[in-house]
């Protein structure tokens with residue numbers, strides 16, 4: 001199969017939910033997103049503003065021989081920005097639960113000996129304790145039903161610094177984005193059938209907002225010595241985000257209103273949650 005040809009598999013009528021409450025099919029058969037991420041990884045599309053910001057945060061932390069883990073790596077498009085910014089000889093491992101992304105990641109980075117991709121679930125990462133010096137996890141926690149176990153896993157496999165990018169506010173909100181086939185081609189749920197008889201959405205993903213107190217408290221419960229810092233993600237070009245959104249033509253692509261990022265009607269105050277462990 002050519003790298004830009006995506007044959008549609010069976011379209012799901014209802015979200016598949018795993019034992020952790022994680023919705024599986026938002027990305028499982030999402031060939032449009034796979035193409036978007038692949039184009040970013042290979043340089044066909046511009047770098048994401050967030051990937052450039054993460055590269056800047058990592059730059060002083062990565063040393064020769066450092067081992068970096070990217071949880072929720074998709075096609076490795078964050079690595080593109082990090083490699084460009086960081087002029088060190090470091091090792092990158094990307095993990096993702098979706099084969100559709102990993103297949104494209106391996107094509108994009110097949111000639112890079114310092115790169116490895118492995119299928120993995122954030123609720124049970126396939127790595128040893130303290131295996132990595134640094135870990136990044138961007139735009140993942142917003143979609144998780146439960147976060148304590150994922151935090152435990154990130155802290156277990158990392159001995160230096162963890163950088164999580166997610167939506168943070170003064171209070172927490174648990175939000176479900178409901179899909180129908182009028183605007184989301186990865187489901188055959190009709191608009192009139194969005195909810196079942198019990199009032200539950202048939203196809204959805206989480207778009208959660210987490211409070212600073214909840215996040216920091218949960219992290220401290222796992223590791224009392226962890227230092228937690230919240231940095232507002234203001235490191236973006238409004239013009240470049242707007243241009244990228246128009247080019248990709250994805251439903252709910254990030255747009256800017258005032259100084260804030262929005263997805264649909266939802267304001268998304270993104271933060272980098274930086275956890276320093278120094279084990």
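The values are calculated or read from the model by the stated rules, or taken from the named source; none is laboratory data. Treat the numbers as computed from the prediction; the structure is a model and nothing was measured. Positions of Cβ are generated from backbone atoms using ideal geometry, with glycine treated the same way; all protein chains shown enter the neighbour counts.
Scanning the range 58-83 for residues that are under 21 Å from residue 234 (Cβ atoms) and surrounded by fewer than 19 Cβ atoms within 10 Å (Cβ to Cβ) turns up 59, 60, 61. When only residues in the range 221-259 that are at pLDDT 80 or above and under 29 Å from residue 44 (Cβ atoms) count, which is surrounded by the most Cβ atoms within 10 Å (Cβ to Cβ)? Among them, the one singled out is 233. So for the range 151-172 (the condition being surrounded by fewer than 14 Cβ atoms within 10 Å (Cβ to Cβ), out of contact with any helix residue (DSSP H, G or I) (no Cβ under 8 Å at 6 or more places or on another chain) and at pLDDT 95 or above), does at least one residue qualify? The answer is yes; a qualifying residue exists.
Of all the listed residues (179, 206, 271), the sole one being under 20 Å from the mean Cα position of the chain (by Cα), surrounded by 15 or more Cβ atoms within 10 Å (Cβ to Cβ), closer than 22 Å to residue 52 by Cβ and at pLDDT 80 or above is 271. In the range 118-163, of all residues being assigned to a strand (DSSP E or B) and within 12 Å of the chain's Cα centre (by Cα), the one that is farthest from residue 226 (Cα to Cα) corresponds to 138. Taken as a whole, the range 99-116 holds at least one residue that is in a strand (DSSP E or B) and in contact (Cβ under 8 Å) with a residue 12 or more places away in the chain. Kindly check whether there is at least one residue in the range 29-48 that is closer than 25 Å to residue 177 by Cα, part of a loop (DSSP other than H, G, I, E, B), in contact with a strand residue (DSSP E or B) (Cβ under 8 Å, 6 or more places away or on another chain) and at pLDDT below 90. Taking every residue of the range 29-48 in turn, at least one turns out to be closer than 25 Å to residue 177 by Cα, part of a loop (DSSP other than H, G, I, E, B), in contact with a strand residue (DSSP E or B) (Cβ under 8 Å, 6 or more places away or on another chain) and at pLDDT below 90. Inside the range 164-179, residues that are touching a strand residue (DSSP E or B) at 6+ places or on another chain (Cβ under 7 Å) and part of a loop (DSSP other than H, G, I, E, B) make up a count of 5. Here residue 82 fits the description: under 16 Å from the mean Cα position of the chain (by Cα), at negative phi and either assigned to a loop (DSSP other than H, G, I, E, B) or modelled with pLDDT of 95 or more (or both).
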